[in-house]
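Colleague: Handing you this structure, nothing more for now.
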Amino acid sequence: MTGPCIAIDAMGGDVGPAAIVAGVSAARRKDRSLSFLLFGDEALIRPEIARHANLADAITVHHTSEKIEPTEKPSQAIRRARTTSMGMTINAVKDGQAHAALSAGNTGALMAIAKLALRTMPGIDRPALAALLPSLGDKDLVMLDLGANTECDAQNLVQFAVMGAAYARTVLDIESPRVKLLNIGTEELKGTGELKEAAALLRDATYLPFRFNGFTEGDQLSRGEVDVVVTDGFSGNIALKTAEGTARFVTDLLRRAFTSSLRSKAGFALSKPALHMLKVHLDPNNHNGAVFLGLNGLVVKSHGSATPKGIANAIKVAASMVRNDITRKIGDDLDEFRAHAFAADAPAGKAVGNETPTGDSAP
C-alpha cells in the first residue's frame with residue numbers, strides 16, 4: 001500500500017542529517033507505507049542512511065550543498081531558495097513530487113519561502129503557525145498563531161479559528177473542538193476591538209463544526225477545558241515560550257530538590273515512576289511538529305533541537321494531515337463561513353452571489 005511521500009530538509013536543525021535520518025527510520029518502523037525525499041549534502045546523508053536497513057527502499061536523495069543558515073534573514077533566504085535544501089524541499093510539494101514538507105531549519109525563512117512558493121488558500125489572508133501543547137485533558141490542545149503574524153485583525157482570527165478547528169479534527173480526532181480566543185480576561189467586555197469583533201463573528205458561526213466558548217486566559221491553557229486556542233502571533237509566541245520555560249523550570253527545580261540530601265534521593269527512588277510520566281508529558285519531542293496552516297500545500301516545522309523521536313513525531317503529524325486531507329477540510333469550512341456571511345449581508349430581494357434583481361424587471 002502506497003502511503004504519503006514526505007519531503008525533508010536534511011540540513012535543517014541543530015544536529016544535521018544524523019538526527020533527521022534516524023527520525024525518518026523511526027517513523028518508517030511504525031509506518032512502512034511512508035516514503036521520503038531528502039534534500040541536502042549527499043556525502044553527509046548517505047552514510048547515515050546506511051546505518052538504517054529499513055530505509056534502503058524508502059528514500060530518494062536529492063543533492064545540494066547549499067542550505068539556509070539559522071541566522072539568515074527571510075529576504076536573503078528567498079533570493080537563493082531555489083538551490084537550497086529548504087527551498088528544494090518546499091518546491092517538491094509545489095511540483096507534486098511530495099505530499100508534505102518538513103524542515104527543522106530557520107522558521108522565518110521557512111515561512112517566507114513556503115508562502116511565496118505555495119501561496120495562501122482562497123479565503124485565507126495570512127497563514128498561521130499551529131502546534132500541539134500538553135494539557136491535563138485527555139488530549140493535547142492546538143494553539144495558533146505562534147509567531148507567523150505579529151498583528152492580526154478580526155478576520156484573521158476567525159480564519160485561524162477555522163483552520164485550528166480543522167487541525168484538531170484531523171490530528172486529535174475531535175469531532176467538534178472547543179475553541180477559545182486568548183484574552184486578558186474571560187468577560188465579554190475585556191480585550192481589544194479585534195478580539196471582541198472576532199468573538200462576535202465566531203458566536204454566530206454555529207453552523208461550523210466546532211464550538212466557540214468565548215475567551216480564555218493564559219493560566220487556563222493547560223487545564224483541559226479547551227481544544228483550540230486562537231491568538232495573534234505576538235501573544236502566541238510569548239505564551240508558548242513562557243509555557244516551555246515554565247516546564248523547564250519545574251523539571252530543573254525537581255531535579256535540584258531530589259539531589260539536595262540523602263532523604264531526597266530516597267524520595268526520588270520512590271517517585272521515579274511518577275516523575276517519568278511527568279517527563280514524558282512535558283517532553284517537547286512528544287509534541288514536535290508545528291504546522292503552517294492556510295497554504296496550498298502542507299508544511300511542518302520541527303524544533304531545531306529535536307531528537308530522532310521528535311523528528312518521527314513531526315513526520316507522523318505530516319502523514320496524518322495528508323491522509324485526512326486537511327487542506328480540503330479547511331477550504332470546505334471557509335466556504336461554509338463565507339456563504340453564511342454573504343447571505344447575512346445580502347440586501348433583501350437579491351440572491352447571494354447573483355446581481356440580477358428578482359421580479360418582473362429581470363430580462
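The values are calculated or read from the model by the stated rules, or taken from the named source; none is laboratory data. Please read all numbers here as calculations on a predicted model, not as lab measurements. Positions of Cβ are generated from backbone atoms using ideal geometry, with glycine treated the same way; all protein chains shown enter the neighbour counts. Just the protein is used for accessible areas: all its heavy atoms, side chains included, with ligands, DNA and RNA removed. Shrake-Rupley method; radii C 1.70, N 1.55, O 1.52, S 1.80 Å.
Colleague: Just checking, does the stretch 28-36 include any residue being of a type outside the set (Ser, Thr, Tyr), on the phi > 0 side of the Ramachandran plot and either open to solvent by less than 10 Å² (accessible area, probe 1.4 Å) or under 25 Å from the mean Cα position of the chain (by Cα) (or both)?
Modeller: Among the residues of the stretch 28-36, not one is of a type outside the set (Ser, Thr, Tyr), on the phi > 0 side of the Ramachandran plot and either open to solvent by less than 10 Å² (accessible area, probe 1.4 Å) or under 25 Å from the mean Cα position of the chain (by Cα) (or both), which makes the answer no.
Colleague: Of (1) assigned to a loop (DSSP other than H, G, I, E, B); (2) modelled with pLDDT under 85, Phe342 satisfies all except one. Which?
Modeller: Condition (1) is where Phe342 drops out.
Colleague: So which of Val93, Val142, Val61, Val158 is open to solvent by less than 10 Å² (accessible area, probe 1.4 Å), under 22 Å from Asn313 (Cα atoms) and among the aliphatic types (A, V, I, L, M)?
Modeller: Val142
Colleague: Among (1) farther than 20 Å from Asp140 by Cβ; (2) open to solvent by less than 20 Å² (accessible area, probe 1.4 Å), there is one condition Thr231 misses while meeting the rest; what is its number?
Modeller: (1)
Colleague: Filter the stretch 7-17 down to residues that are outside any loop (DSSP other than H, G, I, E, B), of a type in the set (A, V, I, L, M, F, W, C) and either over 21 Å from the mean Cα position of the chain (by Cα) or more than 12 Å from Ala104 (Cβ to Cβ) (or both), then give me how many there are.
Modeller: The qualifying residues number 1.
Colleague: Out of contact with any Phe, Trp or Tyr (no Cβ under 7 Å at 6 or more places or on another chain) and either at negative phi or modelled with pLDDT under 95 (or both): which single residue out of Ala22, Ala58 fits that description?
Modeller: Only one candidate passes the filter, namely Ala22.
Colleague: Report yes if some residue within the stretch 71-79 is on the phi > 0 side of the Ramachandran plot, of a type in the set (Gly, Ala, Ser) and modelled with pLDDT under 95; otherwise report no. It would help to see each step written out before you state the result.
Modeller: Initial filter on the stretch 71-79 (on the phi > 0 side of the Ramachandran plot): none.
No, that holds for no residue.
Colleague: While we're looking at this one, here's another question. Going by the conditions given, is Lys190 at pLDDT below 90, in a loop (DSSP other than H, G, I, E, B), over 27 Å from Lys329 (Cα atoms) and of a type in the set (D, E, K, R)?
Modeller: Taking the combined requirement at face value, the residue satisfies it.
Colleague: Taking the condition in contact with a helix residue (DSSP H, G or I) (Cβ under 8 Å, 6 or more places away or on another chain), under 20 Å from Val317 (Cα atoms) and at pLDDT 95 or above, does Lys30 pass?
Modeller: Spelling it out, it is not the case that Lys30 is in contact with a helix residue (DSSP H, G or I) (Cβ under 8 Å, 6 or more places away or on another chain), under 20 Å from Val317 (Cα atoms) and at pLDDT 95 or above.
Colleague: Also: Looking at the stretch 164-201, which of the residues that are of a type in the set (Asp, Glu) and in contact with a helix residue (DSSP H, G or I) (Cβ under 9 Å, 6 or more places away or on another chain) is least open to solvent (accessible area, probe 1.4 Å)?
Modeller: Within the stretch 164-201, the first condition is being of a type in the set (Asp, Glu), and the residues that meet it are 173, 175, 187-188, 194, 197.
Subset that is in contact with a helix residue (DSSP H, G or I) (Cβ under 9 Å, 6 or more places away or on another chain): 175, 188, 194, 197.
Numbers: Glu175: 165, Glu188: 126, Glu194: 80, Glu197: 101 Å².
Checking each candidate, the answer is Glu194.
Colleague: Being crowded, with 19+ Cβ neighbours inside 10 Å, within 26 Å of Val291 (Cα to Cα) and either modelled with pLDDT under 85 or of a type in the set (Ser, Thr, Tyr) (or both), is that true of even one residue in the stretch 202-220?
Modeller: There is at least one residue in the stretch 202-220 that is crowded, with 19+ Cβ neighbours inside 10 Å, within 26 Å of Val291 (Cα to Cα) and either modelled with pLDDT under 85 or of a type in the set (Ser, Thr, Tyr) (or both).
Colleague: Between residues in the stretch 238-249 that are in a helix (DSSP H, G or I) and residues that are open to solvent by 90 Å² or more (accessible area, probe 1.4 Å), which pairs lie under 8 Å by C-beta distance while being six or more apart or on different chains?
Modeller: Nothing qualifies.
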